[in-house]
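The values are calculated or read from the model by the stated rules, or taken from the named source; none is laboratory data. Small disclaimer: the values here were computed from a predicted structure and weren't measured. For neighbour counting, all protein chains shown are included, and Cβ atoms are generated from backbone atoms with ideal geometry for every residue, glycine included.
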Amino acid sequence: MTVSEIHALYQSGKTSPSEIIEQAIRRIESLDPKIHAFAWFDPQWVRQQVKVLEARGGGRGPLWGIPVVVKDNICVQGAPATCASKILSGFDPPYNATVIEKLRAAGAILMGMANMDEFAFGSSCEHSCYGPTRNPWDLGRVPGGSSGGSAASTAASFTPLALGSDTGGSIRQPASFCGVVGMKPTYGRVSRYGLIAFASSLDQIGPFSSTVADSALLLGAIAGFDPRDSTSGNVPVPDYLQEIKQGAKGLRIGVPKECFGKGIDPEVNEALQQALEQCKKLGITVKEVSLPRTEYAIPTYYVVATAEASSNLARFDGVQYGYRSASGQTILDMYAKTRGEGFGPEAKRRIILGTFVLSSGYYDAYYGHALKVRTLIKEDFDRVFREVDCVVTPTSPTPAFKLGEKLADPLTMYLSDIFTISVNMAGLPGVSIPCGFTKAGLPIGMQWIGRPFEEGVLFRGCHAYERAAGWHTKRPPLS
Amino acid sequence: MAISLKDVEYLSHLARLELTPEELQRFAPQLEEILAYVEKLKTAPTEGVAATTHVLNLANVFREDKVQPSLPTEQVLANTSSREGLFFKVPKVIDSS
């Protein structure tokens, strides 16, 4: 069900939050053992929130009585936040993230913590200390990552809404693999206060939902300036649901020619071409554009993001929180052993790579140089957005791959983010929406990229396409 | 560039991250492969291009110098596995033996 369908039921008095939540709990209890979208789920904790909400009275917020699952890297008081890592085992956040305060104020019911790749390092949700999440459309395939649990929970109709985080595609790629809507807002649109940092210049929190309107609703509830996040943008938050009503007619889409080279699955290409044809029928102009620096996006990302990650993850040393090795004799020994025992393989690989690109003698050649290339990537978009309102690409070159398929080869895994990464490098908003299915029944996603703080424009185009195409009505057959 | 076991060992020391012999063996060729891919960046025309450290072009962000409530000490200490009184307890920092 969508948020507006649930709210219609509440308004008619046909059902109450406690009934909707009990239904969700039963569904999660019966189906999540197969999918494993949740890293942490405690029905009693959920029921307690419903009691508080129903007793609260007063006005009903825009998410009143709506179940939401939260990625395991966002701090929620009363629930653990572990980034799916042993090194944060038992961490009980002492405060709520700003987005959590906003969700609570809007009346949302938090259902638990969603599984993810450890510290958001990964594109498959297989790098989790809790074990992998499975794709609800095909249990032998990955849900994408790193926000795989949030995407799977939405696709499996455990929750109509979920929060994820996106540093290089971690919301959009799993949304594409799971056939749902996933939006990465403009850098600075949503406060990062209480989001456990991966790469601070790239991270953003954003919504998952099954429709574009619900994405707009959830973004409206969590967006806005926050004095506790000095990188949040002091830009007013529009009423996205009103903006959607303006429709898509007259919008101009640019399709980068660089996104249709080798490596694209033919079924993905075909679905995208058909979607673009449909957009034209809606009065949207489609033209070819060029983002010549796309080829640099992944190497730039793996320098900048790992550098920032190695620095951010220095705080996990066993002193203030989380796991501590029992065997360290001196403090340095304790740090090294705690981190060696606490981090999983992908986290270690990225810390080592990040340490390398920041190390004396290599800093200028790698990190310093990558920051300049980042400027070039951003300039590509600045230029294109003088001619068009949105840029459309496939979200991922392929549909969901099989579990284990890319685990042994980190570089191949990294390449699956080719279309999403440059959006984070340039700080732009991007959203993935379903645009078809493969013959084998796997969802295909298309990505819409917009100008900074123009999420509303993306919602307009995506909503119009979604209504015309109708993919959002398809749900995976689960039993 | 070639990455030796010794290089990875040195990085693991810099990162205060103990790696097992198997991890050292595995990471060295993987890092080499990833860095070979990153080499592509060297062909990018960056002469005279400014670095982007931040996309929003924010200058210094100031707030009023006003005392705000902070977390209670007990709450701050609640997540540590080792404490003594109001302090985090750690192993020996200076070896005096």
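Against the numbered list (1) over 30 Å from residue A:81 (Cβ atoms); (2) surrounded by fewer than 15 Cβ atoms within 10 Å (Cβ to Cβ); (3) within 11 Å of chain B (Cβ to nearest Cβ), residue A:299 comes up short only at (2).
Just one of the numbered conditions (1) buried (at least 24 other Cβ atoms within 10 Å of the Cβ); (2) aromatic (Phe, Trp, Tyr); (3) outside any loop (DSSP other than H, G, I, E, B) is not true of residue A:414: (1).
Residues considered: A:55, A:151. Of these, the only one that is among the aliphatic types (A, V, I, L, M), assigned to a helix (DSSP H, G or I) and modelled with pLDDT under 95 is A:55. Among the residues of the stretch B:1-38, those identified as more than 7 Å from every other protein chain (Cβ to nearest Cβ) and under 15 Å from the mean Cα position of the chain (by Cα) are B:10, B:13. In the stretch A:269-374, counting only helices (runs of 4 or more DSSP H) that sit wholly within it, the ones holding 2 or more residues that are within 24 Å of the chain's Cα centre (by Cα) span A:297-312, A:345-358. No other residue among A:422, A:396 is more than 8 Å from chain B (Cβ to nearest Cβ), among the small types (Gly, Ala, Ser), under 28 Å from the mean Cα position of the chain (by Cα) and not in a helix (DSSP H, G or I) apart from A:396. Of all the criteria given as (1) loosely packed, with under 10 Cβ neighbours inside 10 Å; (2) at pLDDT below 95; (3) more than 8 Å from chain A (Cβ to nearest Cβ), the one not satisfied by residue B:72 is (1).
Is it the case that some residue within the stretch A:143-152 is farther than 18 Å from residue A:447 by Cα, in contact with a helix residue (DSSP H, G or I) (Cβ under 6 Å, 6 or more places away or on another chain) and buried (at least 24 other Cβ atoms within 10 Å of the Cβ)? Yes: one or more hits. Residues in the stretch A:213-231 that are within 14 Å of chain B (Cβ to nearest Cβ) and either of a type in the set (Asp, Glu) or free of Cβ contacts under 8 Å to residues at least 60 places away in the same chain (or both): A:225, A:226, A:227, A:229, A:230, A:231.
If I filter the stretch A:184-241 down to residues being in a strand (DSSP E or B) and among the hydrophobic types (A, V, I, L, M, F, W, C), which single residue comes out as nearest to residue A:162 (Cα to Cα)? Outline the logic, then answer.
Our first condition is that a residue be in a strand (DSSP E or B); within the stretch A:184-241, this holds for A:184, A:190, A:195, A:204-209, A:223.
From what's left, among the hydrophobic types (A, V, I, L, M, F, W, C): A:190, A:195, A:205, A:208, A:223.
On the way: A:190: 15, A:195: 15, A:205: 11, A:208: 5, A:223: 15 Å.
Of everything passing the filter in the stretch A:184-241, A:208 is nearest to residue A:162 (Cα to Cα).
Filtering the stretch B:76-89 for residues that are part of a loop (DSSP other than H, G, I, E, B), modelled with pLDDT under 90 and either closer than 27 Å to residue A:202 by Cβ or over 20 Å from the mean Cα position of the chain (by Cα) (or both) leaves an empty set.
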